[in-house]
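The numbers here are math on the coordinates, done by the rules we state, and not lab data. Remember, predicted model here, so these are calculated numbers, not experimental data. Cβ atoms come from the backbone with ideal geometry, glycine included; neighbour counts cover every protein chain shown.
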Amino acid sequence: MIIGHKLTKEDKEKINSFTNKYYDLYPDYLQEEIDNKVMLGFTNNNDTINQIYCYLSIDDKDINPYLAFYNYLRSNFDLSKNILEVGSGTIPILVTYLNKDNVTLMDKNLIEAFYKDYNYIKETFNVDTNIDDYDLIIGYNPCQATESIIRNAIQNNKNFSIALCGCCFLPNEYEERTSQKWHEYLYNIANELAKDNYEIKIDYFDDKLNIDYPIITGKKRW
Ligand SMILES: C[S@@+](CC[C@H](N)C(=O)[O-])C[C@H]1O[C@@H](n2cnc3c(N)ncnc32)[C@H](O)[C@@H]1O
């Protein structure tokens with residue numbers, strides 16, 4: 001859903017010069033996304049388009065989900081610790097609000113033109129990824145990586161916080177495949193694995209962001 005302002009002539013010019021310069025760096029399926037949606041406006045559900053708007057500073061700050069997630073993280077954790085951001089996207093945006101020196105990005109889809117100023121690992125995160133160097137694992141809509149982040153973080157006694165997306169990545173044996181069921185499943189495995197060692201919380205973004213999906217956070221108790 002489009003939730004941002006109507007684009008001005010200057011906004012459109014900025015988008016055109018962005019696409020002239022960077023369009024070819026995107027994989028085919030994301031080029032199609034750009035073709036169809038980049039001129040429609042800031043959305044509550046399209047990471048590729050929102051990344052471009054944030055990169056060009058034509059986003060609506062009061063409904064910017066990355067900024068809202070940063071403010072959430074800031075009120076829950078000490079962000080001067082070492083952070084791994086999983087699934088940072090083609091243009092990493094969340095990191096722009098953080099101190100880039102203590103953040104590492106992990107995503108195979110990072111585009112070089114946009115990640116070269118940051119610490120990055122161009123790999124796929126899984127339950128066995130070594131996270132010894134980090135204190136906090138975060139993800140904004142990291143999709144397939146979500147369950148692995150929860151399992152790996154708890155196994156290794158690390159804090160984590162993930163803004164969940166509207167997809168469903170339940171194991172195949174689950175018949176009712178909705179995002180709500182997937183979120184319940186994640187909350188249950190987090191609680192089972194964490195036992196009393198963590199506070200597992202479900203939080204929501206402010207209504208004005210129009211995001212129905214929760215944030216799942218695990219904070220070590222000691
Ligand atoms: C919906 S996009 C979100 C991107 C970004 N966080 C944003 O909101 O702008 C999901 C991202 O997660 C990445 N991803 C999916 N599975 C992953 C994994 N196992 N390890 C690392 N990144 C992963 C994808 O490549 C993609 O860039």
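Per the conditions (1) farther than 22 Å from THR96 by Cα; (2) in contact with a strand residue (DSSP E or B) (Cβ under 6 Å, 6 or more places away or on another chain), the sole criterion not satisfied by THR43 is (1). From the list ILE34, ILE3, ILE15, the lone residue that is under 21 Å from the mean Cα position of the chain (by Cα), of a type in the set (A, V, I, L, M) and surrounded by 18 or more Cβ atoms within 10 Å (Cβ to Cβ) is ILE34. Residues that are within 9 Å of the ligand (Cβ to nearest atom), buried (at least 18 other Cβ atoms within 10 Å of the Cβ) and of a type in the set (S, T, N, Q) within segment 113-154 comprise THR129, ASN141, THR146, SER148, listed in sequence order. If you filter segment 100-112 down to residues that are assigned to a helix (DSSP H, G or I) and either out of contact with any Leu (no Cβ under 9 Å at 6 or more places or on another chain) or charged (D, E, K, R) (or both), you find that the one that is farthest from the ligand (Cβ to nearest atom) is ASP101. Restricting ILE83, ILE91, ILE63 to those that are within 23 Å of ASP207 (Cα to Cα) and not hydroxyl-bearing (Ser, Thr, Tyr) reduces the list to ILE63. Filtering TYR213, TYR204 for residues that are surrounded by fewer than 16 Cβ atoms within 10 Å (Cβ to Cβ), among the aromatic types (Phe, Trp, Tyr) and either within 16 Å of the chain's Cα centre (by Cα) or within 16 Å of the ligand (Cβ to nearest atom) (or both) leaves a single hit, TYR204. Figure legend. Inter-residue proximity from segment 181-202: first residues under 18 Å from SER148 (Cβ atoms), second residues assigned to a helix (DSSP H, G or I) and of a type in the set (Phe, Trp, Tyr), beta-carbon distance below 9 Å, spacing 6+ or different chains. Indicated pairs: ILE200/TYR187.
Of the candidates ASN126, ASN172, ASN157, the single residue that is in a loop (DSSP other than H, G, I, E, B) and at positive phi is ASN157.
Annotation: of all residues in segment 177-222 being touching a Lys or Arg at 6+ places or on another chain (Cβ under 8 Å), part of a helix (DSSP H, G or I) and not polar (S, T, N, Q), the one that is nearest to ASN46 (Cα to Cα) is ILE189.
Just one residue in the set LEU170, LEU164 is more than 16 Å from the chain's Cα centre (by Cα) and surrounded by 14 or more Cβ atoms within 10 Å (Cβ to Cβ); that residue is LEU170.
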